[in-house]
Amino acid sequence: MELKMDLLHKRCYGHTRTVVVAKVKGTDEIIGGYNPLAWDSSCYGEYRWMETKDRFIFSLKMGIFKIQFLAENDQNIEGPHFGFEFCLCSKKSNFNLDNNSFSNLSSNTYESIRTLSNNFSIDNYEMDGNKRSFHFLIKNGNIQNSILSRVKNTKYAIFDICRNDQNIEGPHFGFEFCLCSKKSNFNLDNNSFSNLSSNTYESIRTLSNNFSIDNYEVFKIVRKS
């Protein structure tokens, strides 16, 4: 699989409220980060720090998830079902017009991701085309084996890469989660890294080695108007 640097830049730069999610090659780690500000690709000859208090990075362990294929039901009122633990439904065919989506806490296909048993409405959602599926909830870093690290030193939250180095360096969340490749392809070398001694975020990895990326996705968060 080709994970080219220029494609990642096109998906990130100039966009606000982006989430970058990456699968570390050879491990069960999924790591990522959220940037509320726009990645800036216009700076020449120098790197630039940008300040924000709303940025965070995270680490998930795939081992806590069970994988399954999506089920198909009555598609005018029911959307994707992840077992019966995360089910998108609407009798009005619009997820934010009623409270028919649900999570069954007593089912045994997945570990529960909610503590409330009530049905709920959906403000917004995103999907990609990956046929393999897992579900997760990030809430104050309270998932088993996961880490949610909010920015501590807001002055150094965002590190914009100068244009002449963007062929080898991708998004940097401080120096704690950095996507890099000297071959301009993230799964052809081991140059992505997480600096455990940095103090901008709490560390999301326990290993100090550089790593390669199996796959990544970039999502844009759209606020409900």
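Are any of the pairs Lys10/Lys53; Lys10/Lys155; Lys155/Lys183; Lys23/Lys182 more than 27 Å apart by Cα-Cα distance, and if so, which? Intermediate values should be presented prior to the final figure.
Working: Lys10/Lys53 25 Å; Lys10/Lys155 25 Å; Lys155/Lys183 31 Å; Lys23/Lys182 19 Å.
From Lys10/Lys53; Lys10/Lys155; Lys155/Lys183; Lys23/Lys182, over 27 Å: Lys155/Lys183.
By other beta-carbon atoms within 10 Å, ranking Arg114, Arg48 with the fewest at the front produces Arg48, Arg114.
Extending 7 Å from Cα along the Cβ direction at Ser42 and again at Lys25 yields two label points whose distance is 3.5 nm. Checking the a/c ratio against 1.5 first, then a/b against b/c, what shape does the Cα gyration tensor give for the range 1-43? Since a/c reaches 1.5 but b/c is at least a/b, the shape of the range 1-43 is classed as oblate.
Sort Tyr201, Tyr47, Tyr216 so the one with the fewest other Cβ atoms within 10 Å of its own Cβ comes first.
On the way: Tyr201 26, Tyr47 12, Tyr216 22.
Neighbour counts put them in this order, fewest first: Tyr47, Tyr216, Tyr201.
Sorting Phe84, Phe56, Phe177 from the fewest to the most surrounding beta carbons within 10 angstrom yields Phe84, Phe56, Phe177.
Rule-based calculations on the coordinates, nothing more; no lab input. As the structure is a computational prediction, the values presented were derived from the model and not from experiment. Note that we place each Cβ from the backbone using ideal geometry, even for glycine, and neighbour counts take in every protein chain shown.
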